[in-house]
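Report on one structure; see the data block that follows.
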Amino acid sequence: MNYKIVRLNTASQQEIEHSVLIIYTGGTLGMAYNAQGALVPFNFGQILEKIPNLTQLNISITVISFPEPIDSSNINLQHWVDMAYIIYENYDTYDGFVVLHGTDTMAYSASMLSFMLQGLNKPVIFTGAQLPISEMRSDARENLMTSLEIAISKINGKPIVPEVCIFFNHMLLRGNRAKKVQSIHFDAFESENYPPLAESGIVIDYNFPAIRNVTEERRLKYVNGINNQVIVLKLFPGITEKVIESCIKIKGLKGIVLETYGSGNSPSEPWFLKLMQKAVKAGIVVFNVSQCNGGRVIQGRYQTSKDLEEMGVLSGADITTEAAVTKLMFLLANETSESEIRRKLITPMAGEMTVLGG
(Lines give C-alpha, C1' and ligand atoms only; values in the text may rest on other atoms or scores of the structure.)
Protein backbone atom coordinates (compact mmCIF):
# COMPACT_ATOMS: atom_id res chain seq x y z
CA MET A 1 0.00 0.00 0.00
CA ASN A 2 1.10 3.55 -0.67
CA TYR A 3 1.16 4.93 2.87
CA LYS A 4 1.59 8.61 3.65
CA ILE A 5 4.35 9.24 6.19
CA VAL A 6 4.87 12.41 8.27
CA ARG A 7 7.71 12.79 10.80
CA LEU A 8 7.49 15.31 13.63
CA ASN A 9 9.84 16.42 16.37
CA THR A 10 7.86 17.82 19.31
CA ALA A 11 10.94 18.80 21.32
CA SER A 12 11.72 22.50 21.21
CA GLN A 13 15.27 22.52 22.56
CA GLN A 14 15.81 19.29 24.48
CA GLU A 15 17.06 16.01 23.14
CA ILE A 16 14.40 13.55 22.09
CA GLU A 17 13.61 11.05 24.86
CA HIS A 18 10.91 8.87 23.31
CA SER A 19 9.42 7.90 19.98
CA VAL A 20 5.88 6.95 19.01
CA LEU A 21 4.40 5.65 15.78
CA ILE A 22 0.88 6.88 15.04
CA ILE A 23 -1.13 4.82 12.56
CA TYR A 24 -3.98 6.83 11.10
CA THR A 25 -6.61 4.55 9.62
CA GLY A 26 -9.42 7.09 9.45
CA GLY A 27 -12.18 8.20 11.75
CA THR A 28 -13.43 11.47 13.17
CA LEU A 29 -10.27 12.39 15.08
CA GLY A 30 -8.23 12.86 11.92
CA MET A 31 -10.78 15.04 10.13
CA ALA A 32 -10.96 18.82 9.79
CA TYR A 33 -13.19 21.29 7.95
CA ASN A 34 -11.85 22.80 4.73
CA ALA A 35 -12.62 26.28 3.38
CA GLN A 36 -15.87 25.01 1.87
CA GLY A 37 -17.04 23.61 5.21
CA ALA A 38 -16.59 19.98 4.23
CA LEU A 39 -14.82 17.41 6.41
CA VAL A 40 -11.52 16.30 4.87
CA PRO A 41 -8.54 14.33 6.24
CA PHE A 42 -6.40 16.40 8.59
CA ASN A 43 -2.83 17.29 7.59
CA PHE A 44 -0.80 15.75 10.41
CA GLY A 45 2.12 17.96 9.47
CA GLN A 46 0.14 20.75 11.15
CA ILE A 47 -0.67 18.83 14.31
CA LEU A 48 1.52 21.06 16.51
CA GLU A 49 -0.65 24.01 15.49
CA LYS A 50 -3.78 22.20 16.69
CA ILE A 51 -2.17 20.68 19.81
CA PRO A 52 0.74 22.93 20.87
CA ASN A 53 0.97 21.09 24.21
CA LEU A 54 2.55 18.17 22.36
CA THR A 55 5.89 19.96 22.74
CA GLN A 56 5.77 19.14 26.46
CA LEU A 57 6.07 15.42 25.73
CA ASN A 58 9.51 15.75 24.11
CA ILE A 59 9.02 12.90 21.66
CA SER A 60 9.54 12.18 18.01
CA ILE A 61 6.36 11.20 16.24
CA THR A 62 5.99 9.37 12.97
CA VAL A 63 2.52 9.29 11.42
CA ILE A 64 1.73 6.58 8.90
CA SER A 65 -1.61 7.24 7.24
CA PHE A 66 -3.59 4.77 5.18
CA PRO A 67 -3.71 5.93 1.53
CA GLU A 68 -7.40 6.72 1.93
CA PRO A 69 -9.00 7.27 5.36
CA ILE A 70 -11.44 4.48 6.18
CA ASP A 71 -14.79 4.94 7.81
CA SER A 72 -14.57 2.33 10.54
CA SER A 73 -17.82 0.80 9.32
CA ASN A 74 -15.79 -0.35 6.32
CA ILE A 75 -12.94 -1.97 8.25
CA ASN A 76 -12.14 -5.40 6.79
CA LEU A 77 -9.71 -8.26 7.29
CA GLN A 78 -6.98 -6.68 5.17
CA HIS A 79 -7.03 -3.53 7.28
CA TRP A 80 -6.40 -5.64 10.40
CA VAL A 81 -3.52 -7.38 8.65
CA ASP A 82 -2.07 -4.01 7.59
CA MET A 83 -2.31 -2.47 11.07
CA ALA A 84 -0.67 -5.45 12.73
CA TYR A 85 2.06 -5.64 10.10
CA ILE A 86 2.95 -1.95 10.44
CA ILE A 87 3.40 -2.43 14.19
CA TYR A 88 5.40 -5.63 13.71
CA GLU A 89 7.72 -4.08 11.12
CA ASN A 90 8.38 -1.01 13.27
CA TYR A 91 8.33 -2.72 16.64
CA ASP A 92 11.98 -2.26 17.56
CA THR A 93 12.10 1.39 16.44
CA TYR A 94 9.44 2.92 18.67
CA ASP A 95 8.58 3.00 22.38
CA GLY A 96 4.88 2.66 21.69
CA PHE A 97 2.12 2.83 19.10
CA VAL A 98 -1.10 4.84 18.81
CA VAL A 99 -3.78 3.77 16.35
CA LEU A 100 -6.27 6.45 15.31
CA HIS A 101 -9.47 4.66 14.40
CA GLY A 102 -13.18 5.31 14.02
CA THR A 103 -15.18 4.41 17.10
CA ASP A 104 -17.83 2.17 15.53
CA THR A 105 -15.58 -0.88 15.09
CA MET A 106 -12.66 0.11 17.30
CA ALA A 107 -13.37 -2.66 19.83
CA TYR A 108 -13.30 -5.26 17.04
CA SER A 109 -9.95 -4.00 15.72
CA ALA A 110 -8.38 -3.75 19.17
CA SER A 111 -9.56 -7.28 19.96
CA MET A 112 -8.18 -8.72 16.74
CA LEU A 113 -4.79 -7.07 17.13
CA SER A 114 -4.54 -8.41 20.68
CA PHE A 115 -4.61 -11.91 19.14
CA MET A 116 -2.48 -11.17 16.07
CA LEU A 117 0.37 -9.51 18.00
CA GLN A 118 1.44 -12.39 20.21
CA GLY A 119 4.15 -11.72 22.77
CA LEU A 120 3.48 -7.97 22.77
CA ASN A 121 5.63 -6.08 25.27
CA LYS A 122 4.87 -2.50 24.24
CA PRO A 123 1.77 -0.27 24.37
CA VAL A 124 -0.62 -0.26 21.41
CA ILE A 125 -3.24 2.38 22.19
CA PHE A 126 -6.36 2.75 20.06
CA THR A 127 -8.09 6.09 20.29
CA GLY A 128 -10.40 8.34 18.34
CA ALA A 129 -12.89 11.12 18.88
CA GLN A 130 -16.56 11.95 18.74
CA LEU A 131 -15.83 15.41 17.27
CA PRO A 132 -13.20 16.39 14.64
CA ILE A 133 -9.90 17.80 15.91
CA SER A 134 -10.76 21.19 14.36
CA GLU A 135 -13.89 21.59 16.50
CA MET A 136 -13.59 23.88 19.52
CA ARG A 137 -15.19 21.32 21.86
CA SER A 138 -13.45 18.33 20.32
CA ASP A 139 -12.40 15.45 22.55
CA ALA A 140 -9.65 14.64 20.04
CA ARG A 141 -6.91 16.66 21.74
CA GLU A 142 -7.29 15.07 25.16
CA ASN A 143 -7.64 11.58 23.73
CA LEU A 144 -4.56 11.91 21.52
CA MET A 145 -2.37 13.68 24.09
CA THR A 146 -3.06 11.16 26.82
CA SER A 147 -2.71 8.20 24.45
CA LEU A 148 0.73 9.44 23.45
CA GLU A 149 1.73 9.93 27.09
CA ILE A 150 0.61 6.39 27.97
CA ALA A 151 2.45 5.01 24.93
CA ILE A 152 5.79 6.37 26.23
CA SER A 153 5.27 5.85 29.97
CA LYS A 154 7.73 3.51 31.64
CA ILE A 155 8.81 2.41 35.10
CA ASN A 156 12.40 1.23 35.52
CA GLY A 157 12.77 1.27 31.76
CA LYS A 158 9.79 -1.02 31.16
CA PRO A 159 6.50 0.05 29.51
CA ILE A 160 3.70 0.45 32.03
CA VAL A 161 0.99 -0.85 29.69
CA PRO A 162 2.44 -3.57 27.40
CA GLU A 163 -0.84 -4.53 25.74
CA VAL A 164 -3.48 -3.48 23.22
CA CYS A 165 -5.79 -0.88 24.80
CA ILE A 166 -8.47 1.67 24.04
CA PHE A 167 -8.16 5.14 25.54
CA PHE A 168 -11.28 7.27 25.45
CA ASN A 169 -12.73 10.00 27.64
CA HIS A 170 -10.17 9.71 30.46
CA MET A 171 -10.41 5.91 30.65
CA LEU A 172 -7.84 3.34 29.52
CA LEU A 173 -9.52 -0.02 28.84
CA ARG A 174 -8.13 -3.38 27.76
CA GLY A 175 -8.92 -3.46 24.05
CA ASN A 176 -10.44 -6.93 23.97
CA ARG A 177 -12.65 -6.13 26.98
CA ALA A 178 -14.14 -2.91 25.61
CA LYS A 179 -17.46 -2.27 23.91
CA LYS A 180 -18.87 0.86 22.30
CA VAL A 181 -22.00 1.90 24.18
CA GLN A 182 -22.53 5.57 23.27
CA SER A 183 -22.82 7.35 19.93
CA ILE A 184 -23.54 10.93 21.09
CA HIS A 185 -21.66 11.24 24.39
CA PHE A 186 -17.92 11.45 24.95
CA ASP A 187 -17.85 8.34 27.18
CA ALA A 188 -18.28 6.06 24.17
CA PHE A 189 -16.72 2.90 25.61
CA GLU A 190 -17.10 0.75 28.67
CA SER A 191 -15.61 -2.46 30.03
CA GLU A 192 -18.21 -4.03 32.29
CA ASN A 193 -16.37 -7.28 32.98
CA TYR A 194 -12.87 -5.94 33.58
CA PRO A 195 -11.66 -2.89 35.50
CA PRO A 196 -10.11 0.11 33.69
CA LEU A 197 -6.33 -0.09 33.32
CA ALA A 198 -5.97 3.61 34.10
CA GLU A 199 -7.91 6.80 34.59
CA SER A 200 -6.55 10.19 33.60
CA GLY A 201 -7.15 13.25 35.74
CA ILE A 202 -4.56 15.60 37.14
CA VAL A 203 -2.27 12.58 36.83
CA ILE A 204 -2.70 9.25 35.08
CA ASP A 205 -3.74 6.82 37.79
CA TYR A 206 -2.69 3.33 36.70
CA ASN A 207 -4.46 0.24 38.04
CA PHE A 208 -1.33 -1.87 38.15
CA PRO A 209 -2.92 -5.17 39.31
CA ALA A 210 -5.18 -5.13 36.21
CA ILE A 211 -2.36 -4.55 33.71
CA ARG A 212 -0.46 -7.39 32.06
CA ASN A 213 3.19 -7.51 33.06
CA VAL A 214 6.14 -7.13 30.74
CA THR A 215 7.59 -10.58 30.18
CA GLU A 216 11.24 -10.48 29.14
CA GLU A 217 11.17 -13.84 27.38
CA ARG A 218 8.23 -12.78 25.20
CA ARG A 219 9.17 -11.96 21.63
CA LEU A 220 6.69 -10.38 19.28
CA LYS A 221 5.16 -12.82 16.85
CA TYR A 222 2.96 -11.58 14.03
CA VAL A 223 0.23 -14.07 13.11
CA ASN A 224 -1.94 -12.84 10.25
CA GLY A 225 -4.33 -15.68 9.43
CA ILE A 226 -8.03 -14.72 9.62
CA ASN A 227 -11.02 -16.85 8.63
CA ASN A 228 -14.25 -14.86 8.41
CA GLN A 229 -16.57 -17.81 7.78
CA VAL A 230 -18.44 -17.04 10.99
CA ILE A 231 -21.75 -15.51 11.98
CA VAL A 232 -23.23 -13.88 15.07
CA LEU A 233 -26.61 -15.44 15.85
CA LYS A 234 -28.50 -13.27 18.33
CA LEU A 235 -31.43 -15.01 19.96
CA PHE A 236 -34.71 -13.21 20.55
CA PRO A 237 -38.20 -14.29 21.60
CA GLY A 238 -40.01 -15.52 18.51
CA ILE A 239 -36.95 -16.45 16.47
CA THR A 240 -38.02 -19.13 14.02
CA GLU A 241 -36.73 -22.55 13.14
CA LYS A 242 -36.44 -21.50 9.51
CA VAL A 243 -34.14 -18.57 10.36
CA ILE A 244 -31.74 -20.65 12.43
CA GLU A 245 -31.77 -23.51 9.96
CA SER A 246 -30.89 -21.15 7.10
CA CYS A 247 -27.96 -19.80 9.13
CA ILE A 248 -26.57 -23.26 9.84
CA LYS A 249 -26.86 -24.18 6.16
CA ILE A 250 -24.63 -21.28 5.02
CA LYS A 251 -22.05 -22.82 2.69
CA GLY A 252 -18.57 -22.93 4.23
CA LEU A 253 -19.72 -21.80 7.68
CA LYS A 254 -17.10 -22.67 10.31
CA GLY A 255 -18.23 -20.91 13.47
CA ILE A 256 -21.21 -19.37 15.25
CA VAL A 257 -21.07 -16.81 18.04
CA LEU A 258 -24.39 -17.56 19.74
CA GLU A 259 -25.68 -14.55 21.69
CA THR A 260 -27.88 -16.06 24.39
CA TYR A 261 -29.86 -14.60 27.27
CA GLY A 262 -28.46 -13.78 30.71
CA SER A 263 -25.99 -16.40 31.89
CA GLY A 264 -26.05 -18.36 28.65
CA ASN A 265 -29.66 -19.47 28.42
CA SER A 266 -31.46 -20.41 25.22
CA PRO A 267 -34.85 -21.74 24.16
CA SER A 268 -35.52 -25.33 25.19
CA GLU A 269 -37.75 -26.15 22.22
CA PRO A 270 -36.74 -29.49 20.65
CA TRP A 271 -36.32 -27.96 17.20
CA PHE A 272 -33.79 -25.42 18.51
CA LEU A 273 -31.73 -27.98 20.39
CA LYS A 274 -31.84 -30.32 17.42
CA LEU A 275 -30.46 -27.60 15.12
CA MET A 276 -27.68 -26.67 17.55
CA GLN A 277 -26.69 -30.32 17.84
CA LYS A 278 -26.75 -30.64 14.07
CA ALA A 279 -24.35 -27.68 13.78
CA VAL A 280 -21.93 -29.09 16.35
CA LYS A 281 -21.96 -32.54 14.70
CA ALA A 282 -21.24 -30.89 11.36
CA GLY A 283 -18.00 -29.47 12.80
CA ILE A 284 -19.30 -25.91 13.21
CA VAL A 285 -17.82 -24.37 16.37
CA VAL A 286 -20.62 -22.82 18.45
CA PHE A 287 -19.43 -20.24 21.01
CA ASN A 288 -21.97 -19.14 23.63
CA VAL A 289 -21.77 -15.50 24.76
CA SER A 290 -24.17 -13.40 26.81
CA GLN A 291 -26.24 -10.59 25.31
CA CYS A 292 -25.75 -8.61 28.55
CA ASN A 293 -22.93 -6.05 28.57
CA GLY A 294 -21.86 -7.30 31.97
CA GLY A 295 -22.96 -10.86 31.42
CA ARG A 296 -21.17 -14.12 32.08
CA VAL A 297 -22.10 -17.45 30.54
CA ILE A 298 -22.37 -20.23 33.12
CA GLN A 299 -23.49 -23.24 31.11
CA GLY A 300 -25.39 -25.73 33.21
CA ARG A 301 -26.62 -23.19 35.74
CA TYR A 302 -30.10 -23.65 34.32
CA GLN A 303 -31.48 -26.53 32.30
CA THR A 304 -31.78 -24.21 29.26
CA SER A 305 -27.99 -23.92 29.08
CA LYS A 306 -27.17 -27.40 30.38
CA ASP A 307 -28.55 -28.85 27.16
CA LEU A 308 -26.12 -26.70 25.15
CA GLU A 309 -23.18 -27.78 27.29
CA GLU A 310 -23.98 -31.45 26.91
CA MET A 311 -24.07 -31.25 23.11
CA GLY A 312 -20.68 -29.50 22.86
CA VAL A 313 -21.53 -25.79 22.66
CA LEU A 314 -18.61 -23.86 24.19
CA SER A 315 -18.96 -21.33 26.99
CA GLY A 316 -17.58 -17.86 26.31
CA ALA A 317 -17.52 -16.99 30.03
CA ASP A 318 -17.43 -13.18 30.27
CA ILE A 319 -16.03 -12.45 26.80
CA THR A 320 -17.52 -9.64 24.70
CA THR A 321 -19.12 -10.38 21.35
CA GLU A 322 -16.40 -8.29 19.66
CA ALA A 323 -13.62 -10.37 21.20
CA ALA A 324 -15.52 -13.61 20.62
CA VAL A 325 -15.96 -12.96 16.89
CA THR A 326 -12.35 -11.94 16.31
CA LYS A 327 -10.94 -14.75 18.44
CA LEU A 328 -13.02 -17.30 16.55
CA MET A 329 -11.87 -15.85 13.19
CA PHE A 330 -8.27 -15.97 14.39
CA LEU A 331 -8.30 -19.53 15.70
CA LEU A 332 -10.18 -20.95 12.72
CA ALA A 333 -7.40 -19.66 10.46
CA ASN A 334 -4.38 -20.53 12.57
CA GLU A 335 -5.19 -23.89 14.17
CA THR A 336 -5.46 -27.05 12.12
CA SER A 337 -7.51 -29.27 14.41
CA GLU A 338 -11.03 -28.67 15.67
CA SER A 339 -10.03 -29.94 19.11
CA GLU A 340 -7.28 -27.32 19.39
CA ILE A 341 -9.61 -24.56 18.19
CA ARG A 342 -12.14 -25.57 20.82
CA ARG A 343 -9.51 -25.79 23.57
CA LYS A 344 -8.00 -22.39 22.87
CA LEU A 345 -11.38 -20.74 22.38
CA ILE A 346 -12.29 -21.33 26.04
CA THR A 347 -8.77 -20.51 27.29
CA PRO A 348 -7.66 -16.87 27.79
CA MET A 349 -5.11 -15.87 25.15
CA ALA A 350 -4.70 -12.13 25.70
CA GLY A 351 -6.68 -11.37 28.84
CA GLU A 352 -9.95 -11.33 26.88
CA MET A 353 -11.89 -13.54 29.31
CA THR A 354 -11.88 -14.74 32.90
CA VAL A 355 -12.53 -18.43 33.36
CA LEU A 356 -13.92 -19.23 36.80
CA GLY A 357 -11.60 -21.50 38.71
CA GLY A 358 -8.85 -20.81 36.17
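Of the numbered criteria (1) out of contact with any helix residue (DSSP H, G or I) (no Cβ under 6 Å at 6 or more places or on another chain); (2) in a helix (DSSP H, G or I); (3) within 24 Å of Ile160 (Cβ to Cβ); (4) at pLDDT 90 or above, the one Ser19 fails is (2). When the test is whether a residue is modelled with pLDDT of 95 or more and within 16 Å of Asn193 (Cβ to Cβ), Thr321 passes it.
So which residues in the stretch 335-358 are within 17 Å of the chain's Cα centre (by Cα) and on the phi > 0 side of the Ramachandran plot? Correct list: Gly351 only.
The criterion of at least 2 residues that are β-branched (Val, Ile, Thr) is met by the following helices (runs of 4 or more DSSP H) wholly inside the stretch 296-358: 321-334. Note on the stretch 151-205: among residues that are among the hydroxyl-bearing types (Ser, Thr, Tyr) and assigned to a loop (DSSP other than H, G, I, E, B), the one that is surrounded by the fewest Cβ atoms within 10 Å (Cβ to Cβ) is Ser183. Every listed requirement among (1) assigned to a loop (DSSP other than H, G, I, E, B); (2) at pLDDT 85 or above; (3) over 22 Å from the mean Cα position of the chain (by Cα) is met by Gln36 save one, (2). One residue stands out among those in the stretch 84-102 that are in contact with a Ser or Thr (Cβ under 7 Å, 6 or more places away or on another chain) and crowded, with 20+ Cβ neighbours inside 10 Å: the one that is modelled with the lowest pLDDT, which is Gly102. Within the option set Val355, Val289, being free of Cβ contacts under 8 Å to residues at least 40 places away in the same chain, crowded, with 23+ Cβ neighbours inside 10 Å and closer than 26 Å to Arg177 by Cβ holds for one residue only, Val289.
So which residues in the stretch 219-234 are closer than 14 Å to Met349 by Cα and loosely packed, with under 14 Cβ neighbours inside 10 Å, if there are any at all? If the condition is that a residue be closer than 14 Å to Met349 by Cα and loosely packed, with under 14 Cβ neighbours inside 10 Å, then Lys221 is the only one that fits. Of the residues in the stretch 172-189, how many are out of contact with any helix residue (DSSP H, G or I) (no Cβ under 8 Å at 6 or more places or on another chain) and modelled with pLDDT under 95? So the answer is 8.
The values are calculated or read from the model by the stated rules, or taken from the named source; none is laboratory data. Everything quoted here is computed from the prediction, not taken from an experiment. Virtual Cβ from ideal backbone geometry, glycine too; neighbours counted across all protein chains shown.
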